[in-house]
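Down below is the structure, laid out as structure tokens.
The values are calculated or read from the model by the stated rules, or taken from the named source; none is laboratory data. Since this is a predicted model, take the numbers as computed values, not measurements. Neighbour counts are summed over all protein chains in view; Cβ atoms, including those assigned to glycine, are modelled from backbone coordinates with ideal geometry.
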Amino acid sequence: MTSGTLIAPPQRPRPLANPQLRPPYTCSECAHVLRVSGLGRHRVYSELEDKRSDHPIINRVCSACGYGLPGKNPR
């Protein structure tokens with residue numbers, strides 16, 4: 001029979017009080033401010049008023065001026 005030593009898992013950090021880790025995105029063309037989550041091509045933009053991100057901006061353009069949003073590599 002073998003024996004082993006149990007080691008307690010490391011403590012998890014407490015969740016941040018403000019779950020929004022990224023600063024809002026400001027359109028470089030018209031200065032419209034959008035909420036952003038995710039990284040790189042997985043970024044999701046939504047209006048600041050959309051607290052739960054129920055209605056993301058899926059056409060990849062600023063909702064105020066139509067300028068292209070960053071996050072997807074051009075082909």
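Miscellaneous remarks
- Selection from the range 38-51 of residues that are in contact with a Ser or Thr (Cβ under 9 Å, 6 or more places away or on another chain) and not small (Gly, Ala, Ser): ARG43, VAL44, TYR45, GLU47
- Across the range 16-31, the number of residues qualifying as at pLDDT below 95 and assigned to a strand (DSSP E or B) comes to 1.
- Here is the figure for the range 31-75: residues that are in contact with a helix residue (DSSP H, G or I) (Cβ under 9 Å, 6 or more places away or on another chain) and not small (Gly, Ala, Ser) total 2.
- Selection count, the range 30-75, where residues are in contact (Cβ under 8 Å) with a residue 40 or more places away in the chain and among the aromatic types (Phe, Trp, Tyr): 1
- Residues of the range 1-15 classified as modelled with pLDDT of 75 or more and either in contact with a helix residue (DSSP H, G or I) (Cβ under 8 Å, 6 or more places away or on another chain) or among the aliphatic types (A, V, I, L, M) (or both), total: 2
- Scanning the range 32-71 for residues that are assigned to a loop (DSSP other than H, G, I, E, B), at pLDDT 90 or above and among the small types (Gly, Ala, Ser) turns up SER63, ALA64, GLY66.
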